[in-house]
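The values are calculated or read from the model by the stated rules, or taken from the named source; none is laboratory data. Bear in mind the structure is a predicted one, so any value in this text is a computation, not a measurement. Ideal geometry is used to build each Cβ from the backbone, glycine not excepted, and the neighbour counts take in all protein chains shown. Quick note on the areas: whole protein, heavy atoms, side chains included, nothing else; ligands and nucleic acids left out. Shrake-Rupley method; radii C 1.70, N 1.55, O 1.52, S 1.80 Å.
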Amino acid sequence: MISATPSRLPELVSRNAKPLLASWLAQQRASPAARFDLISNTELDDQSKRFLAGVEAALNAGSYDDPSSDAWTDARELLREISRSRAIQGFSPNETASFVFSLKQPLFDLVRRELGAQPQQVADETWRISLIVDQLGLFTMEAFQQSREEIIARQQQELLELSTPVVRLWDRILALPLVGTLDSARTQVVMESLLERIVETGSEVAIIDITGVPTVDTLVAQHLLKTVAATRLMGADCIISGIRPQIAQTIVHLGVDLGAVITKATLADAFAVALKMTGASLTSRST
Amino acid sequence: MDRIPILKMGDFLLVTIQVDMHDQLALQLQEDLTARISTDSATGVLIDISSLDVVDSFIGRMIANISAMARVLDAQTVVTGMRPAVAITLVELGMTLEGVLTALNVERGMALLRQKVAAHGE
């Protein structure tokens, strides 16, 4: 139980800001989690200094047991920024969290040194430090996780854009080679870009090649059928090619009806059909 | 009251929808078009919806209905110039307009209509 006596932390930290920073930095450098291959010495110095100043300001504002209060806004923002930059630099969660947690020992040392004569006070302040540092540590992890998720989301988006090229094969013939698993979001992008290209190029036939699609379940089949239906509504025909034997078996076992769709085993076969549909033909030159 | 004009081109009727379709307008079009098919004894109907950028299930059903009615009156219907967004919306609404002929633009639509009518007449 914390006694009602006012905390001496603000005063202690303010008075010992310099040695505290020095011992904290020493602590961070000595820790096995230090990654000087990822972050420069000066950057670490700067981050530590700014964060400690933020902590000092928050303590002096009278909040020494609740880092989620308004007084801590600046310190939290700083921490969020640091976590984000570390997530991007490739720090592990452990290494990122140790930035905050390594502040515990220097603070404990400081309290023990200054208040050694009053055990009750030492216990109180130690408890407060624990509360603050633990909460800040948790906050760091949350910010770190959030940044990681943002990175993943961005990569997903990039992957989505990369993976849906619509290729013009011939006059009025488009091909759409699909690679990877089809989900709703991706099908939407695929469908939109295919339809846009049909309008742009005035194409009559679109070949959807699913050689690179690892599995076809009912959902994927339904997405494919939707794309085919939308293409037909635009006034173009759709051929699905690259159906591997296993996938053909799966489709039949699942009871998916691809009856109304032209399907071909390979892209070459589909291309031949498409040429016929647009009234073109290819002949080999006799020598 | 607004009406969508119906133009006669030879044996075909040409309808271009260039305003936002509201339900009353669609019903009126259905009425006018069926009347014109029978008075002009048209063999083909071409509906161009390239300016239409919003559809709902009602309009989708109207298009399917008009096409079915025209077929009963022995005329082929081609819907042309559907925009990608409209096509996606209709598919998401579960309306794939089975049995309605479609073409990318009016020119292709006319060619398709001639071809279908010729095949039908044989």
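Can you work out D for the stretch B:51-122 in µm² s⁻¹ from Stokes-Einstein, where Rh is the Kirkwood radius over C-alpha pairs, the temperature is 4 °C and the viscosity is 1.567 mPa s?
101
Apply 1/(1 + (r/R0)^6) to the Cβ-Cβ distance of A:GLU158 and A:SER92, taking R0 = 22 Å, and write down the FRET efficiency to the nearest 0.05.
Calculated value: 0.40.
Specify the inter-centroid distance of the stretch A:125-163 and the stretch A:1-57, based on alpha-carbon positions, in whole Å.
The stretch A:125-163 and the stretch A:1-57 have Cα centres separated by 21 Å.
For the stretch A:254-280 and the stretch A:204-246, what is the centre-to-centre distance using only Cα atoms, to the nearest Å?
10
Would you please give the FRET efficiency between A:VAL189 and A:ARG113, computed as 1/(1 + (r/R0)^6) with r the Cβ-Cβ distance and R0 = 56 Å, to the nearest 0.05? List each step's numbers first, then the result.
Numbers: r = 62 Å, r/R0 = 1.10.
FRET efficiency, A:VAL189 to A:ARG113: 0.35.
So what is the orientation-averaged projected area of chain B, using the convex hull of its C-alpha atoms, in nm²?
Working: hull surface 27.5 nm².
Quarter of the Cα hull surface area: 6.9 nm².
Ignore the peptide's own chain and count Cβ atoms of other chains within 10 Å of each Cβ in B:85-94; give me the average, rounded.
Mean partner shielding for this stretch: 5.
More than 20 Å apart: what percent of Cα pairs in the stretch A:102-236 qualify?
Tail of the P(r) past 20 Å holds 63 percent of the pairs.
So what's the angle, to the nearest 10 degrees on a 0 to 90 scale, between helix A:17-30 and the longest Cα principal axis of chain A?
Computed tilt is about 50 degrees.
What's the total accessible area buried between chains B and A, using a 1.4 Å probe, rounded to the nearest 100 Å²?
Chain pair B/A: roughly 1500 Å² of buried accessible area.
What is the count of Lys pairs in the protein assembly as shown whose alpha carbons sit under 23 Å apart, if the two are 8 or more places apart or on different chains?
So the count works out to 7.
Expressed as a whole percent, how much of the Cα-Cα distance distribution for the protein assembly as shown exceeds 36 Å?
On the way: 44141 of 83436 pairs.
Cα-Cα pairs in the protein assembly as shown separated by more than 36 Å: 53 percent.
Subtract the Cα-Cα distance of A:GLN146 and A:ALA260 from 0.36 nm times their separation in residues, and report this length gain in nm to one decimal.
36.4 nm
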